[in-house]
Every structure is written in C-alpha cells, then in structure tokens.
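Asks: Mind looking over this structure? Questions follow.
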Amino acid sequence: MLKQFFIICSGSDTDVLEQCSKGEQNKYAGIGATVFFTALMAFIAASYALYTVFDNLFTSIFFGLIWGLLIFNLDRYIVSTIKKTGNVIDELIHASPRIILAIIIAVVIAKPLELKIFEKEINQVLLEQKNDLTLANKDQIAQQFTPKIESLQNDIKSFQNDIDTKEAEVNTLYDTYIAEAEGREGTMLLGKGPVYKEKRDKHDALLVELQELKETNKAKIAATETQIVQLQNDYNTQVTTSQPIIDNFDGLMARVNALGTLPWLPSFFIFLLFLAIETSPIFAKLLSPRAEYDIKTQDSESELKTWAQQNEHQRRVLLHADNTINDRVYDDISTEEELFAYKKKMARELMKKQQDAFYKKQTNIL
C-alpha cells in the first residue's frame with residue numbers, strides 16, 4: 001500500500017510500471033518517497049514561516065498545507081516530465097529549466113527551516129537590535145523635548161539669579177548701614193544719625209522689592225517646573241507608547257535579516273542539504289540508464305504517435321479520393337441536356353420575377 005502510494009507520488013504511469021520488474025518499481029517508489037518528504041518539509045517550513053507572520057497556529061497550518069501541496073505538485077510534475085532518450089546532452093537541456101525551478105524551491109524550503117534551526121542565535125541578534133532601537137528611539141524622542149526642557153531650566157536659573165542678585169544688593173546695604181551705625185564706615189560716627197537712617201531706608205525699600213521679587217519669581221519657577229514635569233511625562237508617554245512596536249520587531253523579514261548577520265557557512269550547508277534533497281529525484285532519473293519502464297513508455301508513446309500519423313494519412317487520402325470522385329461526377333452531369341434545359345427554365349422564371357418586381361417598384365415611384 002505504501003509502495004503504491006510512493007509510486008503515485010513519483011508521477012509515473014502505474015499501468016506501465018505494473019508490467020515492469022520489482023526493481024524498477026522500487027526505483028520509482030524511492031523517487032516518489034523523495035518527492036513526498038520534500039513536500040512534507042515544505043509544509044513544515046511554510047507553517048513555521050507563516051506562524052511568525054500570523055501568530056496563529058491553525059491559520060499557519062492551513063496555508064502551510066496549501067504550500068506543501070503546491071510544492072508536491074511541482075516536484076511531481078518536474079520528475080514526471082523528464083524523459084529518458086539516451087542522449088545525455090539532450091536530456092540535460094530539457095531538464096535545465098526543471099533544475100532551476102528545483103533550486104528555487106530548495107531556497108524557499110530551506111530558509112524558514114534555517115530560521116527555526118538558528119532561532120536562539122537569531123533571538124540574540126534581535127535582542128541586541130531591539131536594545132539599539134530602544135536607545136535610538138529614546139534619543140529621537142528626546143530631541144523633541146530636550147530643547148524645550150533646557151530652555152525652561154534656563155528660565156528657572158534666570159529667575160533664581162534675579163533673586164540672588166537682588167538679595168546680594170540687600171545684604172550689601174544691610175552691611176553698609178550696620179557699619180555706619182557702628183562707626184566703621186561712612187561718617188565714622190558711632191550711633192544712628194541721619195546718614196544711618198538714609199541707608200536704612202534704602203535697605204528697607206530694597207528688601208520690600210526683594211520680597212516681591214521672591215514671590216513673583218517663585219510663582220514663575222513653580223509654573224515653569226510644572227511645564228518641565230509635563231514635558232517629561234509626555235516624553236515618557238511617547239517612549240512607552242512606541243516601545244511595543246520595537247518589542248514586536250521579530251517578524252519574518254527581521255528574522256531573515258538577522259540570519260544574514262550570522263556566519264554564512266552553516267546556512268550554506270543547510271541550503272546544500274535541501275538542494276540535494278530537492279534535486280535528487282531529477283538527477284536520479286538523469287543519471288540512471290534507460291530501463292524497462294523508459295523503454296515501455298517510449299514504445300507506448302511511439303505506438304500512439306504511429307496510430308495518429310496513420311489516421312491523419314488516411315484522412316488525407318480519403319479527402320483526396322472524395323474530391324476526385326466529386327470532380328468526375330460534376331463533370332459528367334454538366335454535359336447532360338436534360339439538366340441544362342431544367343436549369344434554363346428556372347433561370348427564365350427567375351428573370352421574369354425580377355422584371356415584374358422592378359416594374360412594380362418604378363410604378364410606385366411615379
């Protein structure tokens with residue numbers, strides 16, 4: 001049962017193969033098994049590749065099954081259309097398009113399986129890329145907020161510098177009127193005289209201005225700090241919102257690109273393995289000598305071709321004979337007086353009817 005299934009997978013003519021030896025049947029069963037297991041690996045590879053896209057098991061299996069059946073049909077067609085003629089050059093020329101197609105199929109099958117085989121290494125590469133993307137994303141978002149935050153921080157420093165400057169002036173005036181009262185500066189007289197009072201009044205007026213400036217600038221500083229906090233919150237919100245996009249950076253294209261950054265030699269050998277599997281049925285037929293099945297198939301095709309040529313020749317001869325007979329029949333009829341008189345009579349009647357119709361038409365016009 002299994003052998004018969006693999007023979008069907010090989011695309012061979014089962015009726016012809018049943019008349020061949022067991023060895024010939026085993027050869028084509030082996031070719032069919034290769035075709036079947038290649039399609040099975042294509043199904044597994046496509047299902048995995050599609051799972052990375054859809055992230056749904058049943059959807060991936062469904063479309064992977066369709067892809068596996070497509071590869072199975074293509075491989076079966078490729079193997080079944082290779083005919084053994086005995087001329088190696090001619091066989092290679094006819095098989096070259098099929099070999100190219102087999103190479104393309106091998107690439108398509110091997111790549112998803114490479115992604116699965118090197119999954120851990122690819123995940124490490126993707127992790128590094130995600131980290132780099134995260135840092136780059138933060139830098140890009142920071143470029144939108146950092147100038148505004150720095151400008152607001154400079155405003156806060158400016159407000160604080162105004163307070164510090166005014167406070168320094170007040171302290172200087174305080175030291176001045178205290179020194180005047182102690183007789184260390186100014187009039188050098190001990191006591192609180194008119195000069196002391198003048199300096200004290202100036203200090204008190206500037207102190208009031210300092211208190212007003214502190215209240216005003218502290219309100220401005222608080223409002224500015226609120227703006228800075230809002231900008232920082234907006235920055236954190238954008239970073240948090242965009243981070244899932246980076247976390248999901250592990251699709252099929254990203255994995256293929258990550259695979260490309262790994263050493264090429266292991267992937268190349270895996271590709272060679274699948275290329276050998278995919279092309280093995282083709283080369284098995286090309287390298288094998290003409291055997292019983294090939295001879296019987298060619299004999300059956302030759303018999304059908306000969307039969308078709310004979311039928312075509314008979315139809316041509318029949319047509320030629322029929323045309324010759326018809327020519328002779330009509331030549332003989334053309335010399336009969338009775339047929340000539342009858343046709344003359346019918347022509348006379350037709351001309352009368354034509355003349356009557358013409359006369360009637362002209363009368364209506366007048």
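Asks: Considering only the stretch 176-194, state which residues are exposed (fewer than 14 other Cβ atoms within 10 Å of the Cβ) and at pLDDT 70 or above.
Replies: PRO194
Asks: Residue by residue through the stretch 17-42, note down the ones that are closer than 30 Å to LEU115 by Cβ and surrounded by 20 or more Cβ atoms within 10 Å (Cβ to Cβ).
Replies: Passing the criteria: ILE31, GLY32, THR34, VAL35, THR38, ALA39, ALA42.
Asks: Which is in contact (Cβ under 8 Å) with a residue 40 or more places away in the chain and closer than 16 Å to ILE71 by Cα, of ALA33, ALA46? Give the steps one after another, and end with the answer.
Replies: Working: ALA33 fails: in contact (Cβ under 8 Å) with a residue 40 or more places away in the chain.
Unique residue meeting the criteria: ALA46.
Asks: Could you please find all residues in the stretch 242-261 being of a type in the set (A, V, I, L, M, F, W, C) and under 14 Å from LEU127 (Cα atoms)?
Replies: We begin by selecting, within the stretch 242-261, every residue of a type in the set (A, V, I, L, M, F, W, C); these are 245-246, 249, 252-254, 256, 258-259.
Passing the criteria: ILE245, ILE246, PHE249, ALA254, ALA258, LEU259.
Asks: Can you name every residue in the stretch 302-361 that is under 30 Å from LYS83 (Cβ atoms) and modelled with pLDDT of 80 or more?
Replies: Going through the stretch 302-361, the residues under 30 Å from LYS83 (Cβ atoms) turn out to be 302-316.
Answer for the stretch 302-361, where residues must be under 30 Å from LYS83 (Cβ atoms) and modelled with pLDDT of 80 or more: LYS305, THR306, TRP307, ALA308, GLN309, GLN310, ASN311, GLU312, HIS313, GLN314, ARG315, ARG316.
Asks: Only one of ILE61, ILE31 is assigned to a helix (DSSP H, G or I) and closer than 30 Å to LEU259 by Cβ; which?
Replies: On the way: ILE31 fails: closer than 30 Å to LEU259 by Cβ.
Answer to the check: ILE61.
Asks: For the stretch 281-299, enumerate the residues that are of a type outside the set (A, V, I, L, M, F, W, C) and crowded, with 17+ Cβ neighbours inside 10 Å.
Replies: Of all residues in the stretch 281-299, those of a type outside the set (A, V, I, L, M, F, W, C) come to 281, 285, 288-290, 292-294, 296-299.
Once the filter is applied, which keeps residues that are of a type outside the set (A, V, I, L, M, F, W, C) and crowded, with 17+ Cβ neighbours inside 10 Å, the stretch 281-299 yields PRO281, LYS285, TYR293, ASP294, LYS296, THR297.
Asks: Looking at the stretch 195-217, I want the residues that are under 13 Å from ASP175 (Cα atoms) and have a partner that is of a type in the set (Gly, Ala, Ser) with Cβ atoms under 6 Å, at least 6 apart or on another chain. Which pairs are those?
Replies: Close Cβ pairs (under 6 Å, with a partner that is of a type in the set (Gly, Ala, Ser)) amount to TYR196/ALA181.
Asks: Moving on to the next point. Tell me the residue from ILE61, ILE66 that is over 15 Å from ILE109 (Cβ atoms) and assigned by TED's automatic domain parsing to the domain that holds LEU113, please.
Replies: On the way: ILE66 fails: over 15 Å from ILE109 (Cβ atoms).
Criteria check complete, one pass: ILE61.
Asks: For residues that are in a helix (DSSP H, G or I) and buried (at least 22 other Cβ atoms within 10 Å of the Cβ), scanning just the stretch 7-16, find the one that is modelled with the highest pLDDT. Steps first, answer last, please.
Replies: If we filter the stretch 7-16 for residues that are in a helix (DSSP H, G or I), which is where we start, we get 7-9, 14-16.
Filter again for buried (at least 22 other Cβ atoms within 10 Å of the Cβ), leaving 7, 9.
Values: ILE7: 79, CYS9: 83.
Here the residue is CYS9.
Asks: From the list ILE100, ILE122, which residue is surrounded by fewer than 19 Cβ atoms within 10 Å (Cβ to Cβ) and of a type outside the set (Phe, Trp, Tyr)? Outline the logic, then answer.
Replies: Values: ILE122 fails: surrounded by fewer than 19 Cβ atoms within 10 Å (Cβ to Cβ).
Just one listed residue meets the conditions, ILE100.
The values are calculated or read from the model by the stated rules, or taken from the named source; none is laboratory data. As the structure is a computational prediction, the values presented were derived from the model and not from experiment. Every residue, glycine as well, gets a Cβ built from its backbone with ideal geometry; the counts of neighbours run over all protein chains shown.
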